[in-house]
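Structure first, commentary second.
The values are calculated or read from the model by the stated rules, or taken from the named source; none is laboratory data. Remember, it's a predicted structure, so these values are computed and weren't measured experimentally. Glycine also receives a Cβ, built like all others from the backbone with ideal geometry; neighbour counts cover every protein chain displayed. Each accessible area value is taken on the protein alone, full model and side chains, heavy atoms only, with ligands, DNA and RNA left out. Shrake-Rupley method; radii C 1.70, N 1.55, O 1.52, S 1.80 Å.
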Amino acid sequence: MRRQVSRAAFFRVLKHPVGKVLAGLLAFSAIAVFGVFTYFWVHYSRIIDEKLRRGPFTETAQIYATPEPVSLGDPLTADELVGALRHRGYTETRSNRVGWYHQRPDGVEIFPGVDSSASSEPGVIFLEKNVVTRIVSNRDNTERQTYLLEPELITNLFDRNREKRRLVRFDDIPKVLVHAVISIEDKRFFEHAGFDPIRLLRTVWVDVTQNRRFGASTISMQLARLLWLSKDKTWQRKATEALITLQLEQKLTKEQIFEYYSNQVDLGQSKSFAIHGFGEAIQVYFGRDIRDLRVEEAALLAALIQRPNYLNPFRHPDRALARRNIVLSLMKENGFITDLQYLDASKSPIKLAEGGEESSDAPYFVDLVLDDLQENFSDIDFQANSYRIYSTLDMKLQRDALESVRIGLEEVDGLLAKMRRKYPRPQVALVCVDPHTAEVKALIGGRNYGASQLNRVLARRQPGSIFKPFVYAAALNTALEGVEPVITPVTQVVDEATTFFFDGKEYQPNNFRQEFHGTVTLRQALAKSMNIPTVKFAEMAGYDTVAELARNAGLVGVRPTPAVALGAYEVTPLDIAGAYTIFSNGGTWVRHNIIKEIRSSSGGLIHNYKPVQHPVLDPRTSYMVVNLMQEVLRSGTGANARTRGFGLPAAGKTGTSHDAWFAGFTSKLLCIVWVGFDDNQELPLEGAKAALPIWTEFMKRAHRYREYRGVQEFTPPDGIAVVDIDPLTGLLATASCPNPRPEVFFAGTQPVELCRLHGAGGRTQIAGWDAETPEPARTGSAPQQAAARSRAKAAPDAPKAPQAPAPPAEKRSVWDRIRSIFR
């Protein structure tokens, strides 16, 4: 009865004019709301479809290191090889686009995928007792001496928003990371349809009862906000977020949503870039591949999602540790880890990548690559296309360079701390190149890229004494041009206070610590880095000649004045590395190179590097300067390298200006080190104390690797004479000279006169008339005889047969005795 009355009353209201108006308004409102909803639903559906069709992330170019060789006889375990492959993106899954591997009892099979480099080939590396015993290429079933592993990814280029990410697929994400993320961010992610009503009710309860905010956003809602919306906290943004969330749940699977979220989530700052996604974050914080993640590391990454910069483990390890342990406890509550795993992980300290943020990539090197791309390939958009850039960088050497710089600067900081004056923290530059191709193998442009992006490898500074080899090269080279007097390594000048006159002006250089050594040879002057003799030799060669040689070796801005001899004109460490190739490469200058090859995403060749080089020095002159620089390490200002344990054949030169330098090379690597202050104030340490220790530490580490072992002695080219001389007179040594040593000359310029200070040679003794058994007659010229003596000294002594007693000397007349003296 009541229902009938109510219904009748309702119809009476509708028949009333006011009721009709209200009903019309309600209907219109409903239609309008539905229409608006439909409009926005369709609008955002199109936006989402378009973004998903193009890909939700901007694909930028990737920079790769040089391939790593594995050769017969290399010490290598199966676990090490598998780890290297996993670090390059390989898995055991055959569908992996980068490549897959199969570990078997006698070795590892390697199968590159469609996204591997063009030089990769399938093959098998056989191992026995942790040594590479055999390499077989599956391409043609032939044996190889060396197998090149896939180039290691250094970094993805940042996009226009200076964001960096390494895309990962859901199948590559370890379960432990998935469990860590959903434990702290969205416990019921795989169960709800985009909204978690239980969490929403809990959020309201906490807000009302405890007056504090409690997040209710699910992973789907966070992804909607990350990809399409701003961070504004308005009702309009919330409504749009809900609309997009519903669309995502309809269009994507849960695995796809989690994959997109894993590649977009903000995880802090590295240097001047924003870190997006777990792939990039794992490289920055741990320096490892995502597939090798440990429980405590996964928990730390999940912990950073809340406030990544506030919880940055490099800057705030205590905060990061506390938040990480909260994630671990939730993982235990949710049954993802056992009590034992929780105890082990929660007690583990935070272990970040060695070398800090700098170890994840080579930021100063990457900046050089970007500069090169912008200068030489301006028509290509590398920030919006997935080009593959194959560089010359060797990541093993890069990590060694980073560690060597850290150790060396600790020593420099300690020395500066002992001084009365307070100094700022010194900066550093290190560049290592191949001595024959000038390919950059390692590069450090400062002690902390995050604090300063200034690349000191490109900073122009006075080179000081590391420029002196160019002076001596110019001086020695005059002998080939017929200039008199002929300058050789034994040419002598007087080391004393001297005033030089040039262009109507006086120039009064000084020696280090104002020490003078009197008469010295060219070899001694370079070995001990004497300033006055160097200027004298530059004057003898001609300042124009010295400057021209330097400019031909790539050192622009060098002028022909007396100051050029002491490295007064500014150059960059990278320029010096290239210039020194005229010594390490037999007189031929080679321009430094950082990019080997550029390919499109489909593998098409865009660029292939061709060396730029030209001859600068006669190979004989180059060798003679190298021989002189070996003396620097043997007995000169660089001898500290030997006392620090570096014993390989090498040549080098210390340098001290306002800064500290060391430049040196072996037959395998050439390395330049600079240490100084950014404001160009004087560093109160010479090159032997500030730069040489870093160079030594790096070269010791670098030559442990197979491709840099087997350092060879520097061999003289045709046209070089090596003879024994007496160091006091510079003349050919005799059997009576107490300290003969070999010296190098252009053939035809070596001394032919025997040393007069210690006798004219032979073994005849004038003191008594009884003659000794005469020495066998020598044949050939005096230089040939001296060289023969030098070779004889190098040979091991042969065991001597027992000698019979000599018969009594036969008595001779006085005339016979006199005649025997002149024989």
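Scattering from the range 686-765 was approximated by placing one identical point on each alpha carbon and applying the Debye formula without solvent; log10 I(q)/I(0) at 0.11, 0.25 1/Å stands at -0.56, -1.05. The equivalent ellipsoid of the range 259-377 has semi-axes of 31, 14, 13 Å, largest first, where each one is the square root of 5 times an eigenvalue of the Cα gyration tensor. Remark: the range 324-431 projects, on average over all directions, an area of 12.8 nm² (convex hull of Cα atoms).
Working from label points 7 Å from Cα in the Cα-to-Cβ sense, the Arg307 to Ala78 distance is 4.9 nm. Of interest is the spacing of the C-alpha centroids, which for the range 439-463 and the range 657-692 amounts to 12 Å. Summarising the label geometry, the points placed 7 Å from Cα in the beta-carbon direction at Asn510 and Thr338 lie 7.4 nm from one another. When the P(r) is computed for the range 103-173, the part past 16 Å accounts for 62% of the Cα-Cα pairs. With 29 Å as the cut-off, how large is the P(r) tail for the range 337-495, expressed as percent of Cα-Cα pairs? Result: 48 percent of Cα pairs exceed 29 Å. Taking every Cα-Cα distance in the range 496-592 and sorting them into 10 Å bins from zero, the calculated P(r) comes out as 15, 42, 34, 10, 0 percent.
Leaving ligands, DNA and RNA out of it, rank Glu185, Glu506 by accessible area with a 1.4 Å probe, largest first.
Glu506, Glu185
Using every Cα-Cα pair within the range 67-124, state what percent have a distance larger than 15 Å.
Considering the range 67-124, 46 percent of its Cα-Cα pairs are separated by more than 15 Å.
In what sequence, largest accessible area first, do Arg421, Arg741 appear using a 1.4 Å probe?
On the way: Arg421 130, Arg741 60 Å².
Descending accessible area places them as Arg421, Arg741.
All distinct Cα pairs of the range 583-635 go into the 1/r average, and the inverse of that average, the Kirkwood radius, is 13.8 Å. Here the alpha carbons of the range 605-740 define both size measures, Rg and Dmax, at 18.4, 67 Å.
The alpha carbons of the range 398-447 give a radius of gyration and a Dmax of 13.8, 45 Å, in that order. Solvent exposure of Asp544, expressed as accessible area, is near 110 Å², computed with a probe of 1.4 Å over the protein chains only. Highest mean packing comes first when the peptides 609-619, 402-412 are listed by Cβ atoms within 10 Å, giving 402-412, 609-619.
Summarising the amide proton neighbourhood of Lys187: residues at separation of 5 or more, or on other chains, whose placed amide H is nearer than 5 Å comprise an empty set. Computed from Cα atoms alone, the Kirkwood hydrodynamic radius reported for the range 551-605 is 13.5 Å. In summary, the range 245-299 shows an alpha-carbon radius of gyration equal to 1.32 times the 2.2 N^0.38 Å reference for compact globular proteins. Estimated at the nearest 10 Å², the accessible area of Lys251 is 70 Å² with a 1.4 Å probe.
From the alpha carbon centroid of the range 248-267 to that of the range 525-591 is 59 Å. A full extension of the chain between Ala239 and Arg460 corresponds to an added length of 73.9 nm, given 0.36 nm per residue minus the alpha carbon distance.
The convex hull around the C-alpha trace of the range 555-674, projected and averaged over every direction, spans 10.1 square nanometres.
With coordinates expressed along the principal axes, the C-alpha atoms belonging to the range 650-702 extend over 35, 17, 15 Å, beginning with the largest.
Per-residue packing, averaged as other Cβ atoms within 10 Å, sorts the ranges 670-681, 120-131 into the order 670-681, 120-131, beginning with the highest. Using heavy atoms of the protein chains and a probe of 1.4 Å, the accessible area assigned to Asp140 is about 80 Å². What is the range 504-551 by shape, rounded, prolate or oblate, if you read a ≥ b ≥ c off the alpha carbon gyration tensor as root eigenvalues and call it rounded for a/c under 1.5, prolate for a/b larger than b/c, and oblate otherwise? Oblate is the answer for the range 504-551, as a/c is 1.5 or above yet b/c matches or exceeds a/b.
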